[in-house]
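Below: one structure, written as structure tokens.
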Amino acid sequence: GYKGGGHSKGSIEYQAANVYVTIGETINYINSVSEFKIPHWRRTNQLSVFPRAGFDLNAFYDGRSLQFFYVNDSRTGLIFAADATDITSHECGHSILDSFRPDLWSVPFLEVGAFHESFGDFCSLMHALNHDEMINKAIQETGGDLSKSNVISRLAEQFGKAIFQIDPVGRNPDYLRNAINSFKYVDPSKLPANAIDSTLAAEVHSFSRIFTGTMYDIFFMIFKDQKDSGIDPLQAVKNSRDLLCRYVIKSIVNVPINAKFFASMANTMLWADVTISNRKYHDRMHEIFMSRGIIDASFTAMYLQTCTNQNRIVKINDSLNLKLCDVSITSVNRKKKPLYDIELNIPKEQAHLYDKDGNFFKHLVATDEESIKAAQEFIEYLHNTNGVGPDINTPWEIRNNK
């Protein structure tokens, strides 16, 4: 929290300073650990911040600004999203991911939208793990077993409690989301558009918990390995945090965008371990991804050709530009489903990954059929949730009939 400047807690000056400090800490940490530095903002020269953007239980990044809302309800009292560092660092995470990969912004795949939310929660975790007080509290709270729910894994407690007090049905009373969970990958087309907090839904915040939980599993696995080797728990947390952050950022910079995005990220993180740590955690990470259902045990045929590319990755950019009404397997009532007449740009990137010696590691690819199916599932989701429109709370809009 911000302690300088003579501003009283709850004042707009305090909230602005809190947001500023949190954003600065989050950005500075990633830049200090990762081999890739955060680029400039992609949609604006200067990122605006609105600590009191309006009356709502909400906060968001829109490409040009970070906006934080507030409520003053008889059941909750006065609550400002800008006061919560978890929320601030989460929204900052969207802007960071957008800086690294602006091409993720308009992708019509549920898994990409869910990963955007997961990376926001990842940034909340990284920010919390940069404060010794938080780490020591979590270690004390769990007796050193960080696989148990703790002050760091529980995200946005105050906000989650406020939402529960206003609308308790299906909500958790203790937090907004928890990075420690047991959710496993399910084809999002088989999930409901929305569901209670204890079950999985196709909604991006709900679905994001699969990958957030997986990243926390990897963090805990590395932490336990470090601690078992005799490293002090506090230092073991820091080592695990830093290595995971390097894996995630390197993967984000290089991951191909395709219909199987969770699997693409998982395999790119395995490759990151191969190139950064020479396979130290590859097998255990692979087991974690498999246990979550994100990847399977299939293997790709080995290429004889070695890679001379210094980055040890060769990407092939490709995409489909089409209207679903022209390719849809089922007949569509266009009056009821007008989004089928909108032109979509559907990424279909490939990547050939190689190890540190230039030997082939993995080929990441999705077929045309898989790409179109994933786009259709996403458009169906938008139809079912009225997710397209000019309203500020509507996440998608149509520009130039696209």
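The values are calculated or read from the model by the stated rules, or taken from the named source; none is laboratory data. The model shown is predicted, which means the values in this text are computed figures rather than measured ones. Counting neighbours? That spans all protein chains shown, and the Cβs are built from the backbone with ideal geometry, glycine included. What goes into the accessible areas is simple: the full protein's heavy atoms, side chains included, and nothing from ligands, DNA or RNA. Shrake-Rupley method; radii C 1.70, N 1.55, O 1.52, S 1.80 Å.
Taking segment 48-59 only, how many residues are part of a strand (DSSP E or B) and either touching a Phe, Trp or Tyr at 6+ places or on another chain (Cβ under 7 Å) or buried (at least 18 other Cβ atoms within 10 Å of the Cβ) (or both)?
Within segment 48-59, the first condition is being part of a strand (DSSP E or B), and the residues that meet it are 48-50, 55, 59.
Next cut, either touching a Phe, Trp or Tyr at 6+ places or on another chain (Cβ under 7 Å) or buried (at least 18 other Cβ atoms within 10 Å of the Cβ) (or both) only: 49-50, 55, 59.
Number satisfying all stated conditions: 4.
Out of curiosity, is G230 on the phi > 0 side of the Ramachandran plot and open to solvent by 50 Å² or more (accessible area, probe 1.4 Å)?
Details: on the phi > 0 side of the Ramachandran plot: yes; open to solvent by 50 Å² or more (accessible area, probe 1.4 Å): yes.
When the stated conditions are applied, G230 passes them.
Quick check on K148: is it of a type in the set (D, E, K, R) and either within 18 Å of T26 (Cα to Cα) or in a loop (DSSP other than H, G, I, E, B) (or both)? Before the answer, list the steps.
Values: of a type in the set (D, E, K, R): yes; either within 18 Å of T26 (Cα to Cα) or in a loop (DSSP other than H, G, I, E, B) (or both): yes.
Yes; evaluated as a whole, the condition is true for this residue.
Return yes or no: is L155 within 22 Å of D83 (Cα to Cα), in contact with a Leu (Cβ under 8 Å, 6 or more places away or on another chain) and buried (at least 21 other Cβ atoms within 10 Å of the Cβ)? Please lay out each step first, then the result.
Values: within 22 Å of D83 (Cα to Cα): yes; in contact with a Leu (Cβ under 8 Å, 6 or more places away or on another chain): yes; buried (at least 21 other Cβ atoms within 10 Å of the Cβ): yes.
So L155 passes the test.
Considering only segment 264-281, state which residues are touching a Phe, Trp or Tyr at 6+ places or on another chain (Cβ under 9 Å) and either surrounded by fewer than 19 Cβ atoms within 10 Å (Cβ to Cβ) or not in a helix (DSSP H, G or I) (or both).
Matches in segment 264-281: I276, S277, Y281.
Using the structure shown, decide if A138 is open to solvent by less than 50 Å² (accessible area, probe 1.4 Å), under 30 Å from F36 (Cβ atoms), touching a Phe, Trp or Tyr at 6+ places or on another chain (Cβ under 8 Å) and assigned to a helix (DSSP H, G or I). Give the derivation first.
Values: open to solvent by less than 50 Å² (accessible area, probe 1.4 Å): yes; under 30 Å from F36 (Cβ atoms): yes; touching a Phe, Trp or Tyr at 6+ places or on another chain (Cβ under 8 Å): no; assigned to a helix (DSSP H, G or I): yes.
It is false that A138 is open to solvent by less than 50 Å² (accessible area, probe 1.4 Å), under 30 Å from F36 (Cβ atoms), touching a Phe, Trp or Tyr at 6+ places or on another chain (Cβ under 8 Å) and assigned to a helix (DSSP H, G or I).
Please go through segment 94-111 and give me each residue that is closer than 20 Å to P39 by Cα and aliphatic (A, V, I, L, M), ordered by number.
Within segment 94-111, I96, L97, L104 qualify.
Out of all the residues in segment 292-311, which are modelled with pLDDT of 70 or more and within 20 Å of K348 (Cα to Cα)?
I294, I295
Go through segment 324-368 and give me each residue that's touching a His at 6+ places or on another chain (Cβ under 8 Å), open to solvent by 50 Å² or more (accessible area, probe 1.4 Å) and either closer than 30 Å to T308 by Cα or modelled with pLDDT of 95 or more (or both).
None - no residue of segment 324-368 is touching a His at 6+ places or on another chain (Cβ under 8 Å), open to solvent by 50 Å² or more (accessible area, probe 1.4 Å) and either closer than 30 Å to T308 by Cα or modelled with pLDDT of 95 or more (or both), so the list stays empty.
Among the listed residues V186, V237, V169, identify the single one that is modelled with pLDDT under 95 and among the hydrophobic types (A, V, I, L, M, F, W, C). Break it down into steps so the answer makes sense when it comes.
Details: V186 fails: modelled with pLDDT under 95; V237 fails: modelled with pLDDT under 95.
The unique qualifying residue is V169.
Going by the structure shown, is F100 under 21 Å from the mean Cα position of the chain (by Cα), of a type in the set (F, W, Y), modelled with pLDDT of 95 or more and surrounded by fewer than 23 Cβ atoms within 10 Å (Cβ to Cβ)?
Details: under 21 Å from the mean Cα position of the chain (by Cα): yes; of a type in the set (F, W, Y): yes; modelled with pLDDT of 95 or more: yes; surrounded by fewer than 23 Cβ atoms within 10 Å (Cβ to Cβ): yes.
Against the criterion (under 21 Å from the mean Cα position of the chain (by Cα), of a type in the set (F, W, Y), modelled with pLDDT of 95 or more and surrounded by fewer than 23 Cβ atoms within 10 Å (Cβ to Cβ)), F100 qualifies.
Please verify whether D197 is in a loop (DSSP other than H, G, I, E, B), touching a residue at least 12 places away in the same chain (Cβ under 8 Å) and loosely packed, with under 13 Cβ neighbours inside 10 Å, treating the condition exactly as stated.
Values: in a loop (DSSP other than H, G, I, E, B): yes; touching a residue at least 12 places away in the same chain (Cβ under 8 Å): yes; loosely packed, with under 13 Cβ neighbours inside 10 Å: no.
Against the criterion (in a loop (DSSP other than H, G, I, E, B), touching a residue at least 12 places away in the same chain (Cβ under 8 Å) and loosely packed, with under 13 Cβ neighbours inside 10 Å), D197 does not qualify.
Do any residues in segment 166-192 that are surrounded by fewer than 18 Cβ atoms within 10 Å (Cβ to Cβ) have Cβ atoms under 7 Å from those of residues that are part of a strand (DSSP E or B), where the two are at least six apart or on different chains, and which pairs are they?
What qualifies is I166/D73; D174/R154.
Within segment 66-74, identify whether any single residue is open to solvent by 10 Å² or more (accessible area, probe 1.4 Å), under 22 Å from W396 (Cβ atoms) and hydroxyl-bearing (S, T, Y), and answer yes or no.
no
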